[in-house]
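Colleague: My questions will all concern the structure given below.
The values are calculated or read from the model by the stated rules, or taken from the named source; none is laboratory data. This structure is a prediction, so every number in the text was calculated from the model and none was measured. Here the Cβ positions follow ideal geometry from the backbone for every residue, glycine too, while neighbour counts run over all protein chains shown. We work out accessible area using only protein heavy atoms, side chains counted, and drop any ligands, DNA or RNA first. Shrake-Rupley method; radii C 1.70, N 1.55, O 1.52, S 1.80 Å.
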Amino acid sequence: MKDLGQAAEGVRRIEWAEREMPVLRAIRERFERERPLEGKRIAACLHVTTETANLMRTLKAGGASIALCASNPLSTQDDVAAALVDTYGISTYAIKGEDNETYYTHIEAACDTHPELTMDDGADVISFLHGKRPEQLSEVIAGTEETTTGVIRLKALEAEGKLAYPIIAVNAALTKHLFDNRYGTGQSTIDGVLRATNVLLAGRKVVVAGYGWCGRGIAMRAKGMGSHVIVTEVDPLKAIEAVMDGYEVLPMARAAEIGEVFITATGDKSVITAEHVDRMRDGAILANSGHFNVEIDIPAIRERARSTREARQFVEEFEFADGRRVYLLAEGRLVNLSAAEGHPAQVMDMSFANQALASEYAVENKSKLEHKVYAVPEPIDKEIARLKLETMGVDIDRLTEEQERYLSSWSEGT
Ligand code: ADE
């Protein structure tokens, strides 16, 4: 971790986030009483933020001993890492801006603790254990995975018959992806672009690549800021949805010519290539909100450039032979976590409630789980939604007995 002297600021910000995480707080209070994770060693590879710190406190209250490392080299909040070590007694291996080698040294350090549970955001710990530490795999009871990209990697591992322990895909929970991916990514991505550039979005042409839950959120929020939003897609269904949601849908080669801000959220690689950049206007801004920094083909763009320089913090300028300049934000890494603070605590409350309850579920049901990727059980998902509504002071209706009978009968028609 970078500097223990930042711990006090970290504590203040962690407590601030906690105010917006009442569901996780209720789970922490129950965990303190019931200790469902007593003695369990957890290796967690997550973005080291104020929200993650509150999840770590919850797991510790449940009796776990934790080694936390970063799930992205640029997303660590150094004051939070310091507070975790200094005040909350949680081993943390993470420094904002660490190079790739340090990033993997930190994953190794977390795995050196011989975890019985793994908690990933992007599947790097699971893939490290499967690739480099196969002898440790039998020690692991189960793992959880936070994000779409990680779940895709783990399903690929499962399909090859190589997944060595059960996984609970937290991303599959409705209380995760409908809120975190959509409203969390939507708001925090715009926040990252604005903090990095301070450009006016009103009247600007914003191209959103990918219309999954994250892309939907980003497009919705950019539209709300007054941007003209263009969506690119490869999936016909999502493309129709984008059209009917009121967006212009174009192939990237055409969007490249008119866009002013480009935001990728596809989970795939080379979505914006050097050939696309060749077509872009002077001053175009490129940002990524997908998990890995592969969506924009940065090496090829760098090779094309006549010169590069840091135009301002988190903004790299590429100048080309014809004088055009294009600006890349946050090295093409998750712009919301690199240039801003990631999703607000209010949505992470539900995502991390899923993480905490999925860990408890995995420990309780370890003898029943096979080496498969599982969804979060529906009762857990529903309970989190119920608790969230309760903490928001929102009341809803209940079915009457007559309505329940109607919904379970086939005979009543016109
Ligand atoms: N992923 C997106 N936003 C996050 C946050 N605030 N904390 C941890 N992981 C995140």
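Colleague: Under the condition of being open to solvent by 40 Å² or more (accessible area, probe 1.4 Å) and under 19 Å from the mean Cα position of the chain (by Cα), which residue from segment 107-151 is farthest from the ligand (Cβ to nearest atom)?
Modeller: Within segment 107-151, the match that is farthest from the ligand (Cβ to nearest atom) is SER127.
Colleague: Just name the residue that is nearest to the chain's Cα centre (by Cα) out of those in segment 310-338 that are outside any helix (DSSP H, G or I) and within 30 Å of LYS60 (Cβ to Cβ).
Modeller: By that ranking, first place goes to LEU334.
Colleague: Checking GLY393 against (1) of a type in the set (Gly, Ala, Ser); (2) open to solvent by less than 30 Å² (accessible area, probe 1.4 Å); (3) within 30 Å of TRP16 (Cα to Cα), which test does it fail?
Modeller: Going through (1) of a type in the set (Gly, Ala, Ser); (2) open to solvent by less than 30 Å² (accessible area, probe 1.4 Å); (3) within 30 Å of TRP16 (Cα to Cα) one by one, GLY393 breaks only (2).
Colleague: To continue, here is another question. Among the residues of segment 225-256 satisfying the criterion of being touching a helix residue (DSSP H, G or I) at 6+ places or on another chain (Cβ under 9 Å) and in a helix (DSSP H, G or I), which is surrounded by the fewest Cβ atoms within 10 Å (Cβ to Cβ)?
Modeller: The selected residue is ALA253.
Colleague: Could you please let me know if ARG405 is away from the ligand (no atom under 16 Å from the Cβ), in a helix (DSSP H, G or I) and open to solvent by 70 Å² or more (accessible area, probe 1.4 Å)? Explain how you work it out, then say what you get.
Modeller: Details: away from the ligand (no atom under 16 Å from the Cβ): yes; in a helix (DSSP H, G or I): yes; open to solvent by 70 Å² or more (accessible area, probe 1.4 Å): yes.
Yes; evaluated as a whole, the condition is true for this residue.
Colleague: For the list (1) farther than 24 Å from GLY290 by Cα; (2) touching a helix residue (DSSP H, G or I) at 6+ places or on another chain (Cβ under 6 Å); (3) part of a loop (DSSP other than H, G, I, E, B), I need the number of the one condition that THR113 fails.
Modeller: Of the numbered conditions (1) farther than 24 Å from GLY290 by Cα; (2) touching a helix residue (DSSP H, G or I) at 6+ places or on another chain (Cβ under 6 Å); (3) part of a loop (DSSP other than H, G, I, E, B), the odd one out for THR113 is (2).
Colleague: Go through ASP381, ASP395 for me and flag whichever is away from the ligand (no atom under 16 Å from the Cβ) and not in a helix (DSSP H, G or I). It would help to see each step written out before you state the result.
Modeller: Working: ASP381 fails: not in a helix (DSSP H, G or I).
After ruling out the rest, the residue left standing is ASP395.
Colleague: Another question, then. Mind checking which helices (runs of 4 or more DSSP H) fall wholly inside segment 1-97 and carry at least 1 residues that are at pLDDT below 95? Reasoning before the result, please.
Modeller: Working: elements: 7-18, 22-34, 50-61, 78-86.
Fully inside segment 1-97 and qualifying: nothing.
Colleague: Give just the number: which of (1) under 30 Å from ILE42 (Cβ atoms); (2) surrounded by fewer than 19 Cβ atoms within 10 Å (Cβ to Cβ); (3) of a type in the set (A, V, I, L, M, F, W, C) does LEU200 not satisfy?
Modeller: Among (1) under 30 Å from ILE42 (Cβ atoms); (2) surrounded by fewer than 19 Cβ atoms within 10 Å (Cβ to Cβ); (3) of a type in the set (A, V, I, L, M, F, W, C), the lone unmet condition for LEU200 is (1).
Colleague: Suppose we keep only residues that are in contact with a Ser or Thr (Cβ under 9 Å, 6 or more places away or on another chain) and either within 14 Å of the ligand (Cβ to nearest atom) or of a type outside the set (D, E, K, R) (or both) within segment 93-102. Which one would you say is farthest from ASP3 (Cα to Cα)?
Modeller: GLY97
Colleague: Output the residues belonging to segment 340-357 that are in contact with a Gly (Cβ under 9 Å, 6 or more places away or on another chain) and under 11 Å from THR175 (Cβ atoms).
Modeller: Selection gives VAL347, SER351.
Colleague: Which members of segment 36-63 meet the condition of being in contact (Cβ under 8 Å) with a residue 60 or more places away in the chain, more than 13 Å from the ligand (Cβ to nearest atom) and either under 22 Å from GLY150 (Cβ atoms) or open to solvent by 10 Å² or more (accessible area, probe 1.4 Å) (or both)?
Modeller: PRO36, LEU37, LYS40, ARG41, ILE42, ALA43, THR58, LEU59
Colleague: Can you tell me which residue is least open to solvent (accessible area, probe 1.4 Å) among those in segment 356-386 that are closer than 25 Å to ASP268 by Cα and touching a strand residue (DSSP E or B) at 6+ places or on another chain (Cβ under 7 Å)?
Modeller: Across segment 356-386, the extreme among qualifying residues is VAL376.
Colleague: Something else: Out of ASP180, ASP191, which single residue is open to solvent by 10 Å² or more (accessible area, probe 1.4 Å), of a type in the set (D, E, K, R) and within 15 Å of the ligand (Cβ to nearest atom)? Reasoning before the result, please.
Modeller: Values: ASP180 fails: open to solvent by 10 Å² or more (accessible area, probe 1.4 Å).
Step by step, each of ASP180, ASP191 is checked, and only ASP191 is open to solvent by 10 Å² or more (accessible area, probe 1.4 Å), of a type in the set (D, E, K, R) and within 15 Å of the ligand (Cβ to nearest atom).
Colleague: Going by the conditions given, is LEU68 within 16 Å of the ligand (Cβ to nearest atom), of a type in the set (A, V, I, L, M) and touching a Gly at 6+ places or on another chain (Cβ under 8 Å)?
Modeller: no
Conditions (1) more than 22 Å from the chain's Cα centre (by Cα); (2) touching a residue at least 24 places away in the same chain (Cβ under 8 Å), marked per residue:
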| site | (1), (2) |
| --- | --- |
| PRO236 | yes, no |
| ILE240 | yes, no |
| GLY246 | yes, no |
| ALA253 | yes, yes |
| ALA256 | yes, yes |
| GLY259 | yes, yes |
| GLY267 | no, yes |
| VAL271 | no, yes |
| ALA274 | yes, yes |
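Colleague: Given the criterion touching a Cys at 6+ places or on another chain (Cβ under 9 Å) and assigned to a helix (DSSP H, G or I), identify the matching residue among GLN136, GLN187.
Modeller: Testing whether each residue is touching a Cys at 6+ places or on another chain (Cβ under 9 Å) and assigned to a helix (DSSP H, G or I) leaves just GLN136.
Colleague: Continuing with the same structure: Identify, please: which residue in segment 301-322 is open to solvent by 30 Å² or more (accessible area, probe 1.4 Å) and of a type in the set (Gly, Ala, Ser) and is, among those, farthest from THR147 (Cα to Cα)?
Modeller: ALA321
Colleague: Okay, next question. Take the residues of segment 152-171 that are in contact (Cβ under 8 Å) with a residue 60 or more places away in the chain and within 16 Å of the ligand (Cβ to nearest atom): which is surrounded by the most Cβ atoms within 10 Å (Cβ to Cβ)? Let's see the steps before the verdict.
Modeller: Applying the first criterion (in contact (Cβ under 8 Å) with a residue 60 or more places away in the chain) to segment 152-171 yields 152, 154-155, 158, 163-170.
Keeping just the survivors that are within 16 Å of the ligand (Cβ to nearest atom) gives 169-170.
On the way: ALA169: 24, VAL170: 30.
That would be VAL170.
Colleague: Could you tell me whether any residue of segment 327-347 is more than 16 Å from the ligand (Cβ to nearest atom), open to solvent by less than 10 Å² (accessible area, probe 1.4 Å) and of a type outside the set (A, V, I, L, M, F, W, C)?
Modeller: Within segment 327-347, one or more residues are more than 16 Å from the ligand (Cβ to nearest atom), open to solvent by less than 10 Å² (accessible area, probe 1.4 Å) and of a type outside the set (A, V, I, L, M, F, W, C).
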